[in-house]
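Just below is one structure, and these are the notes that go with it.
FYI, it's all coordinate maths here, none of it is from the lab. Computed from a predicted model, the values in this text were never measured in an experiment. So basically every Cβ, Gly included, is an ideal-geometry build from the backbone, and we count neighbours across all protein chains shown.
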Amino acid sequence: MLHRRDMMAALAAMAPLPALAQAPSWPTRPIQMIVAFPPGGQADVTARPLAAALERVLGQPLPVVNRAGAGGIVGSASVARAAPDGYTSLLALSSLAMLPESERIQGRVPAYTVEQFAPIARITADPTVLVVPANSPWHSLEEFVADAKKRPGAISFGSAGNYSTLHVAMAMLTGAAGLDMLHVPFQGGGPALTALLSGTLDSLASGPGPALSHVKEGRLRALASWGRERIPGFEDVPTFIEKGYTDVEFYIWTGFFLPLATPAPVQERMRAALRQVCEKDEGLKRALDAAGSPIAHQDGEAFERFFREDSARLVRAVQRIGKVD
């Protein structure tokens, strides 16, 4: 006859396992990587080689889906609302935290909040660089600033939309230098860069990756960068800090996010895969180095702390810009 303890053990052995344990190992199908901007911008330049590298580790395709609109709000909100099953991810820029605050300033209810995302890893972290067409009259930052002061409102700069990373970076410059420039928002950094190359735009704060090849090929000229140190590939380009603009410092970073309620084992599997490709995948390293956007991997508590601190700084910058008509 079975004792009560033995009977309980037998019943436990026959009981169904928890749903997560019963489920097949994740992933079993493709994982969408949403980029909330059109092709050609910093997020897209990072996402495509990253997706290819992750596919080699996870054994499933990671199609990159460009879901642009409202300066990044549309794509980001779609991931915030997605099923938290690990099959929808977001490759975001630092603007992720700025956009909800910009919506509040404009008197609208934000389409998402940063609290709806689980920060998995940072992939890159690049200072922006001020670029102008190579046939422009400005060969130095001093010439550019002097001309902008002489002609208020005449010189244009593009961005990926109101309150986007590119907008905030230029707002830091115009505020510090006392400039009145014409802001021309686009749906992403890619279209803004295209307008600059076509001559319909005068200047742009660009991520170094998308701009580098055009600078090397002589189509664009770089005047200054927003970093504390000079950017690899742009060693001849001074920083704003070098030029005396001590508060003009800004970085575009790319980060990988999942919906907040994604199960912890799935989050950790993705975190481990990202760590592996960032540390060991030579193809990814070569691709991002060639794009002028080297890997600056960070995850775990370090990335969560970085995300919180950087988000708070950027929200304050948006609040300083105020309402944009």
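Taking 0.36 nm per intervening residue step and subtracting the Cα-Cα distance, what contour gain separates Gln319 from Asp247 on full extension?
Stretched fully, the Gln319-Asp247 segment lengthens by 24.3 nm.
Expressed in nm to one decimal, what extension gain is obtained for the pair Gln60 and Ala264 from 0.36 nm per residue of sequence separation less their Cα-Cα distance? Present the calculation step by step, with values, prior to reporting the outcome.
Numbers: separation 204, 0.36 × 204 = 73.44 nm, distance 1.96 nm.
That works out to 71.5 nm of additional length.
Roughly how many whole Å is it from the C-alpha centroid of the range 206-241 to that of the range 260-305?
25 Å
Add +1 for every Lys or Arg and -1 for every Asp or Glu among the other residues with Cβ under 12 Å from the Cβ of His183, and state the total.
-3
Using only alpha carbon positions, build the gyration tensor of the chain, then give the equivalent ellipsoid semi-axes as the square roots of 5 times its eigenvalues, largest first, whole angstrom. List each step's numbers first, then the result.
Details: eigenvalues 369, 84, 52 Å².
Semi-axes from the Cα gyration tensor: 43, 21, 16 Å.
Give the total of Lys-Lys pairs in the chain with Cα-Cα distances below 24 Å; include a pair only if its members are 8 or more places apart or on different chains.
The number of close lysine pairs in the chain is 5.
Over all pairs of distinct alpha carbons, what does the Kirkwood formula give as the hydrodynamic radius of the range 84-128, in Å?
Evaluated over the range 84-128, this radius sits at 12.4 Å.
Test of understanding: ordering Ser203, Ser95, Ser164 by Cβ neighbours within 10 Å, fewest first, what list do you get?
Ser203, Ser95, Ser164
Can you tell me the alpha carbon radius of gyration of the range 73-150 divided by the globular rule-of-thumb value 2.2 N^0.38 Å?
For the range 73-150, the normalised Cα radius of gyration comes out at 1.62.
Work out, step by step, the length gained on full extension between Ala176 and Glu279: first 0.36 nm times the residue separation, then minus their alpha carbon distance; give nm to one decimal.
Residue separation times 0.36 nm, minus the Cα-Cα distance, leaves 33.3 nm.
With r as the distance between the Cβ atoms of Ala296 and Lys149 and R0 = 25 Å, compute the FRET efficiency 1/(1 + (r/R0)^6) and round to 0.05.
Result of the calculation: an efficiency of 0.10.
Just round it to a whole percent: the fraction of Cα-Cα distances in the range 22-68 exceeding 18 Å.
Cα-Cα pairs of the range 22-68 separated by over 18 Å account for 33 percent.
Roughly speaking, what % of Cα-Cα pairs in the range 238-325 are separated by over 23 Å, rounded to a whole number?
Tail of the P(r) past 23 Å holds 45 percent of the pairs.
Computed on alpha carbon atoms, what radius of gyration and Dmax characterise the range 129-225, expressed in Å?
11.9, 32
Over the chain, what is the mean sequence separation of C-alpha contacts under 8 Å (at least six apart), divided by residue count, expressed as relative contact order in percent?
On the way: 646 pairs, mean separation 82.8, N = 325.
With pairs under 8 Å counted, the relative contact order is 25 percent.
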